[in-house]
Structure formats: C-alpha cells, structure tokens
Amino acid sequence: MKKNLESFIAYLPNFFDKKFCNKTIKELKKEKWFTHQFYDPNKKVKFSPSGDKELEVSNADNLSTKKEINNKLLKAIRAYLESNNFSWYNDFNGYTSVRFNRYKKNTTMEEHCDHIQSMFDGERKGIPTLSIIGCLNENYEGGELIFFQDKIIKMEMGSLLIFPSNFLFPHKVNLIKKGTRYSFVSWVW
C-alpha cells in the first residue's frame, strides 16, 4: 500500500490535444464569467478570500467541447482507481459536470482543500472523494499549482490531475503575473 501522500496525485499529460484545448478556450472567451466564491456551511455564507484577486468561474453549459470533456473524465477516474488498487474503495456514485476556471493577470486561488459540502447536499448526497483539474493552456506566467505549501506541479496544456479531495491535500494557485490561465475542475463522489 502506498504511504506517501504525493503518490496519490496522478498527473496525466496529453489527456486532451492542443487543437481541442484551443477550440475550448476560443469558445470560453464568449461565455459569462463570475467571481469564484467559497461557501462556509457553518456561517451559511459565500465569500471570496482573495477579494479582488479571486479567479472567475463559468459552467459554460453550451460549450461544444464540454460533453467530450465530461465523457473522457470517466476513463481517467476508472484508471486512477485501478492504478491505486483500492480494495476497500472500488466504486463511486458519480462526478460533477466540469466547471471552468479563468485566472486573469493578478488573480489567484487561496490555499484550500476540496471538502465541498454545498455541492453535495441537494440531489447529490455525500462528499467529494476525488478532485480533478484539467489544464487548457500554458501561455501565462505565474499560476503555479502548489500542493502542501511547497510542491509545485507545472501543468502542461491538455494535462489532467487527479487527487483525493480531503484535508490532507491542501492546494492553491499562485498569482498570475502575465496572460490568462484556463482550466477546469470536477469532483468525484
């Protein structure tokens, strides 16, 4: 059994090709974007910890490539579970449709873990067990994905990352210094 936390972070390069990523970004530029907010279930309030430096998000429900992304994630989730050979956890209830993230210059995402309760207290029941991040471009400066306060993961265009969604996997995205970073996220429960 693996005992090193970093070994549970799976990096999948070239999961999507550059043409597909470029097409997705082109369409995303036409979408409506909103300031990202975290939800505090104890206080029952939404908040943006980075203030005016908080990234933007979009569900982009009409995006032509969204269905293909969602469909391809299933293959990645199953491969992750098989590669880790979890005898006690070999199934899951589902995964969320992707949400897109846009980090413009001088935006960031504060350190957090993906123990998201608000997404799973309605029709979906449970908590997220796995988090997925997909990278759609790399023509920006800054925006490094940091785990455990010091482990830098440089995601390349078209890559995918899968990791547990609990408090043992704190992560953040450093401030964008130049350009715009596009990515997407999904959570398995």
Quiz item: Which of the residues that make up segment 45-82 are assigned to a helix (DSSP H, G or I), more than 22 Å from Phe163 (Cβ to Cβ) and not basic (Lys, Arg)?
Solution: Gly51, Asp52, Glu68
Self-check item: Matching residues, segment 27-44, being among the aromatic types (Phe, Trp, Tyr) and in a loop (DSSP other than H, G, I, E, B)
Solution: Trp33
Quiz item: Can you name the residue in segment 105-114 that is surrounded by 17 or more Cβ atoms within 10 Å (Cβ to Cβ) and in contact with a Phe, Trp or Tyr (Cβ under 8 Å, 6 or more places away or on another chain) and is also modelled with the lowest pLDDT among such residues?
Solution: Asp114
Quiz item: How many of the residues making up segment 5-26 are assigned to a helix (DSSP H, G or I), touching a Gly at 6+ places or on another chain (Cβ under 9 Å) and of a type in the set (D, E, K, R)?
Solution: 1
Practice problem: Mind telling me which of the residues Glu82, Glu54, Glu31, Glu123 ends up being surrounded by 14 or more Cβ atoms within 10 Å (Cβ to Cβ) and more than 21 Å from Cys21 (Cα to Cα)? | Solution: Glu54
Quiz item: What are the pairs, 6+ residues apart or on separate chains, where a residue within segment 146-173 that is crowded, with 16+ Cβ neighbours inside 10 Å has its Cβ under 8 Å from a residue that is of a type in the set (D, E, K, R) and assigned to a loop (DSSP other than H, G, I, E, B)?
Solution: Ile153/Glu144; Met155/Glu138; Met157/Glu138; Gly158/Asp17; Ser165/Asp114; Phe169/Asp114; Val173/Glu144
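The values are calculated or read from the model by the stated rules, or taken from the named source; none is laboratory data. Owing to the predicted nature of the structure, the values given are computational and were not obtained by experimental measurement. So basically every Cβ, Gly included, is an ideal-geometry build from the backbone, and we count neighbours across all protein chains shown.
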